[in-house]
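Chemist: Pasting in a structure now, in structure tokens, and then I'll have a few things to ask.
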Amino acid sequence: MTAANTVAPAAFPKRYRLTKTDEFSSVFGFRRAVKSRNFLLHYRPHGEEEAGGARLGLVVGKRFLRRSVDRNLLRRLAREKFRHLRTQLPARDFVLRLASKPLPLDRQALAQEIDGLLRKFASPAR
């Protein structure tokens with residue numbers, strides 16, 4: 001087991017998550033995003049006072065996925081892809097937002113779409 005203050009490279013502790021409304025607002029206010037078929041990935045570079053490393057926030061509304069099971073599935077897929085790529089990502093805040101209703105709800109296709117969006121920011125050297 002690891003010590004309490006060390007984190008495995010592929011872990012997803014709270015410091016790598018966006019949790020506060022102000023954090024989400026600052027990313028949306030920066031007005032930079034990349035688009036895929038079903039998602040928008042908003043991003044903003046970290047400020048100097050903030051800790052290093054990429055952080056992720058998720059927005060999956062009822063408007064596009066009515067069932068909570070489907071919304072939670074999408075969140076789990078996004079967190080898993082982010083968790084594996086986090087060490088390769090630059091120090092930015094990311095907010096992954098569902099922008100359209102995915103039809104059909106294909107787990108593998110959605111995971112590949114999320115992976116493709118995040119890999120646009122991943123550095124090959126790390």
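Just so you know, all these numbers are worked out from the coordinates, no wet-lab data involved. Quick caveat: nothing in here was measured; it's all calculated off a predicted structure.
Chemist: Quick check on the stretch 16-119: of the DSSP beta bridges with both residues there, what percent are antiparallel, nearest 5%? Kindly include the intermediate steps, with their values, before the conclusion.
Modeler: On the way: 10 of 16 bridges.
Of all bridge pairs located within the stretch 16-119, approximately 60 percent are antiparallel.
Chemist: Using the structure shown, select from LYS14/LYS35; LYS35/LYS81; LYS14/LYS120 the pairs with a Cα to Cα distance greater than 21 angstrom.
Modeler: Working: LYS14/LYS35 26 Å; LYS35/LYS81 17 Å; LYS14/LYS120 24 Å.
The pairs that break the limit, which is 21 Å between Cα atoms, are LYS14/LYS35; LYS14/LYS120.
Chemist: On to the next question. Please report, in Å, the Rg and the Dmax of the stretch 16-119, where both are computed over Cα atoms only.
Modeler: Gyration radius and largest Cα-Cα distance of the stretch 16-119: 13.2, 42 Å.
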